[in-house]
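Structure first, then comments.
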Amino acid sequence: MSAELASGDAGYEVLEGEPPEVLARNLVTAGYLLAGATAFFFVAFVFAFFYLRSIDSVSQWKPHGVDASIGWGTAIIACWVVSTVLVRLGELDQAADRRPQWRLKGLAALLLGLAGLVLQVVAWTQNGFGPTDGAFASVYVGWTAFLSLFVLLTLFWLETTLATSWRYRNELFGAAEVPAGHASGDPDRTAHDIRNPVDLNRAELAALGFYWTFLAGVAVVAWVILYLVA
Amino acid sequence: MAAARRLIGFNLLTAIVLGIGGWYAGWFGAHAITGPSLDWFSAADYNEVSVFMAYIGGVIGFLAGLGFLNYPFARLRGYPPSLREKETGGWSRYFSLCTDHKVVGIQYLWGIGLFFFIGGLNAMLIRTELLRPAHQVFPAGTYLTIVGMHGTMMMGMMSSGILGPFANYFVPILIGARRMAFPRIEALTFWLLMAAGGILTTTIFFGGFPTGWTGYPPLESQANAGMDCYILFFALVGISMTLLGLNMIATILTMRAPGLTWTRLPIFVWGVISTASLMVLAAPVLIATLGMAAFDRAINTTFFVAGGGGSNYLYQNLFWVFGHPEVYILALPGFAIVLELLPVFSRKPLWGYRLAVAGLLGVTLLSWMVWQHHLFVSGINGDLRPFYMLSTELISIPTGFTFICGMMTIWRGQIRFTVPMLFCLAWFFNFLLGGLSGVFLSDVPSDVTTHGSFFSMAHFHYTIMGGLIFTFFAAVYYWVPKMTGWQLNERLGKIHFWTMFVFFNSTFAPLFALGFMGMPRRVVTYDPSFQFLNDWVSVSAFLLGISMLVFLFNLVWSLAFKKVPAEANPWGSRSIEFQLPSPVPVHNFDRIPVFTDDPYGYGEGPAPQWVVPAGAPAGRE
């Protein structure tokens with residue numbers, strides 16, 4: 001039986017060559033799972049907000065003058081929401097093989113996402129309160145800081161997808177082929193991992209589009225709680 | 001570029017060098033930002049930002065040294081995704097970033113084993129101190145640090161104790177795949193865990209931490225810089241767990257071979273799914289909680305500081321939202337190992353497969369609904385107590401499913417008392433005692449009496465050591481011959497088992513009595529009337545430690561000196577991993593198999609559970 005399933009002397013190189021849909025399924029599933037993990041991460045901040053607000057320990061939940069600027073907050077969220085819309089539109093372009101349009105929208109989405117981050121940094125300096133100014137200030141600083149970190153990492157993902165699309169912009173869909181070991185970082189690799197990067201770009205974008213939309217949803221919830229409910 | 005990479009090496013040595021460099025870079029950089037003090041350790045208490053930045057710099061340097069940053073930088077420049085790195089080659093693969101799931105499994109086995117050994121040494125120190133009712137070896141603060149390091153090291157590291165080595169190695173094989181869904185992330189989870197272990201070990205240079213493994217404020221807020229090591233350790237463990245769980249679920253959902261339907265999935269894989277789902281959802285809560293704690297300490301937020309509008313009960317709630325699922329992250333893989341191994345050594349099909357799956361999933365679900373039983377004596381609203389008492393007691397029902405399935409599987413079976421089987425049978429005894437004593441702790445009146453005493457310590461050692469560590473060793477004896485290609489010595493294995501089983505019970509059973517007599521946890525001095533039992537426990541613990549040395553000797557002797565080649569299928573198992581050569585080739589399968597039967601048809605004829613599609617080109621699924 002063992003000889004039928006595997007033999008030690010079979011050449012490793014000839015056994016590679018995985019259908020691209022496997023990695024595509026991996027990516028899309030990971031996008032969903034990552035969203036689940038992200039949700040539970042931020043649920044901790046939602047819990048902290050309502051818990052600390054309800055007990056209002058020594059009246060230090062929200063001392064006088066501690067108000068997050070709704071103007072800055074709205075601008076930040078707007079940047080991120082529009083960015084996600086652009087990514088989803090770009091996804092449609094990519095699916096229709098209108099790749100130049102996707103790249104344009106992807107670039108705009110990246111810049112808007114970064115603009116939101118810059119605005120968040122500015123908002124921290126302009127709000128008129130700091131992390132030491134009571135429980136609300138703590139939740140505000142903690143939640144927005146970690147949300148910004150998540151956004152930054154997602155924008156990194158967007159950039160890599162965009163950069164791959166740009167690098168292979170002249171390759172036809174289904175026809176691109178990269179040199180063996182091109183991206184593995186392993187100088188000893190001679191075999192192919194993924195023959196056609198353009199194929200995979202679509203699945204990457206689908207996973208990214210879902211996750212970025214989800215994260216923007218988290219940002220909207222943050223906006224409602226931190227700027228409206230508070 | 002390739003020449004430069006070869007020159008740097010990207011291995012463990014480079015990682016350590018860059019890790020140390022990164023640590024100092026972070027330290028100096030943060031001091032340049034936060035203040036003029038460069039008065040190293042004496043100033044550490046007052047420079048939390050520097051401590052955090054130093055360790056973050058250290059971790060980044062460590063990962064850079066292993067080569068983890070090469071790929072993201074390549075992707076930034078538009079190079080396409082790739083899956084594999086350093087999968088072929090010699091022993092150096094084990095000391096670097098390698099994407100072969102089998103190498104990562106073996107890395108986990110040795111890496112976790114190292115920190116398990118350190119945690120065990122801490123236990124020996126604890127029991128040495130408790131030989132006398134008064135101080136004798138350590139001052140109280142040092143004793144608390146040792147207790148904290150023992151608990152934190154064990155809980156953090158052993159969270160991946162079975163999924164790390166065995167699920168990484170065997171899940172792809174059991175589902176008929178050649179790789180994990182995300183091989184680089186798989187490697188990252190291991191190396192993050194090693195960085196975390198290193199960080200926790202260095203807490204002694206910063207004065208340790210006094211909180212035990214739970215890290216409760218206000219003690220946490222007031223502790224010196226050693227507490228920062230605890231926070232970073234557990235945060236890194238949380239990240240590692242989240243990514244490990246995500247990778248496992250993605251692999252099982254998307255990469256099962258044809259014919260491997262949900263009802264044909266090996267029960268071990270169901271256990272992995274259950275555990276991984278808890279990891280993906282619970283560990284992020286821990287990371288967020290520790291993020292808040294880090295902010296409290298570094299930039300003076302007041303999440304857990306009552307005087308600033310915060311609450312230490314907030315920490316307790318959030319910690320146990322993670323903490324109780326964490327208990328099942330530790331226990332569920334043990335259930336799965338037992339159910340996986342019993343049919344092999346009883347020569348009977350697994351009894352009640354669907355009931356066993358329901359048990360695993362039921363425990364997974366209910367584990368979210370019980371966390372406040374840890375707060376029964378913390379002054380929670382009295383109206384909440386009955387719900388959490390009931391939900392905690394309910395969890396014994398799906399746990400009972402596992403017991404029933406296990407016992408009915410061995411009922412009238414042709415039992416072979418091999419070393420893995422002995423460890424599985426011991427699990428029944430140990431976990432039964434752990435579970436029954438758990439009822440006392442879920443019940444409010446008895447919990448109020450026994451909470452914080454040696455009784456609760458005995459309970460969780462019976463469930464975690466009796467439930468997880470015994471099954472971990474069952475898995476070691478069962479699968480290590482397949483992983484390494486070398487047999488483990490059976491006689492030494494049995495000596496290990498019997499000494500471990502006897503002295504485990506001799507160590508922890510008396511703690512129930514001590515707890516009922518009123519001896520609290522985490523105290524360095526105790527009433528002299530408790531000395532006899534404490535001495536008994538200490539001597540038993542030392543003998544338990546010696547049983548571990550027997551295991552270590554067996555491992556070194558069998559794998560380095562004696563070296564008897566293992567048969568491909570030494571246990572007569574029908575499971576697919578035992579139909580492959582030992583050790584398993586890099587590519588796992590020449591062709592992806594098609595599953596046609598469940599893996600537990602013992603005594604139902606020799607029909608194979610899978611077929612290899614004739615004429616299918618190698619590598620196509």
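The values are calculated or read from the model by the stated rules, or taken from the named source; none is laboratory data. Owing to the predicted nature of the structure, the values given are computational and were not obtained by experimental measurement. Backbone-built Cβ (ideal geometry, glycine too); neighbour counts: all protein chains shown.
Quick look at the values:
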{"item": "Residue list for region B:548-567, restricted to those being within 14 Å of another protein chain (Cβ to nearest Cβ) and buried (at least 18 other Cβ atoms within 10 Å of the Cβ)", "result": "B:Ala566"}
{"item": "Selection within region A:125-141 - in contact (Cβ under 8 Å) with a residue 12 or more places away in the chain, more than 8 Å from chain B (Cβ to nearest Cβ) and assigned to a helix (DSSP H, G or I)", "result": "A:Gln126, A:Tyr140"}
{"item": "Residue pairs meeting the criteria (Cβ under 7 Å; at least 6 apart or on separate chains; first closer than 17 Å to B:Tyr328 by Cα, in region B:233-247; second polar (S, T, N, Q) and surrounded by fewer than 24 Cβ atoms within 10 Å (Cβ to Cβ))", "result": "B:Gly245/B:Ser277"}
{"item": "Residues (assigned to a helix (DSSP H, G or I), at pLDDT below 95 and away from chain B (no Cβ under 13 Å)) located in region A:142-173", "result": "none"}
{"item": "Region B:288-311: number of residues that are facing another protein chain (nearest Cβ under 10 Å), surrounded by fewer than 24 Cβ atoms within 10 Å (Cβ to Cβ) and touching a residue at least 40 places away in the same chain (Cβ under 8 Å)", "result": "6"}
{"item": "Selection status of B:Leu244, buried (at least 24 other Cβ atoms within 10 Å of the Cβ), under 27 Å from the mean Cα position of the chain (by Cα) and more than 7 Å from chain A (Cβ to nearest Cβ)", "result": "yes"}
{"item": "Number of positions in region B:172-201 that are within 20 Å of B:Val586 (Cα to Cα), within 14 Å of another protein chain (Cβ to nearest Cβ) and assigned to a helix (DSSP H, G or I)", "result": "9"}
{"item": "Helices (runs of 4 or more DSSP H) enclosed by region B:433-494 - at least 3 residues per element that are of a type in the set (Val, Ile, Thr) and out of contact with any Cys (no Cβ under 6 Å at 6 or more places or on another chain)", "result": "B:444-450, B:470-484"}
{"item": "Residue match in region B:325-335 (condition: part of a helix (DSSP H, G or I) and over 27 Å from B:Leu422 (Cα atoms))", "result": "yes"}
{"item": "Among (1) touching a residue at least 12 places away in the same chain (Cβ under 8 Å); (2) surrounded by 22 or more Cβ atoms within 10 Å (Cβ to Cβ), the one test that B:Pro80 misses", "result": "(1)"}
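Residue by residue, here is whether (1) surrounded by 23 or more Cβ atoms within 10 Å (Cβ to Cβ); (2) assigned by TED's automatic domain parsing to the domain that holds B:Gly198; (3) closer than 22 Å to B:Thr14 by Cβ holds:
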residue: B:Val49; (1), (2), (3): no, no, no
residue: B:Ile56; (1), (2), (3): no, no, yes
residue: B:Ile60; (1), (2), (3): no, no, yes
residue: B:Ala64; (1), (2), (3): no, no, yes
residue: B:Asn70; (1), (2), (3): no, no, yes
residue: B:Ala74; (1), (2), (3): no, no, yes
residue: B:Glu87; (1), (2), (3): yes, yes, yes
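Results for (1) of a type outside the set (Val, Ile, Thr); (2) over 19 Å from A:Phe49 (Cα atoms), shown as yes or no for each residue.
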{"site": "A:Ser83", "(1), (2)": "yes, yes"}
{"site": "A:Leu111", "(1), (2)": "yes, yes"}
{"site": "A:Val122", "(1), (2)": "no, yes"}
{"site": "A:Phe146", "(1), (2)": "yes, no"}
{"site": "A:Thr164", "(1), (2)": "no, yes"}
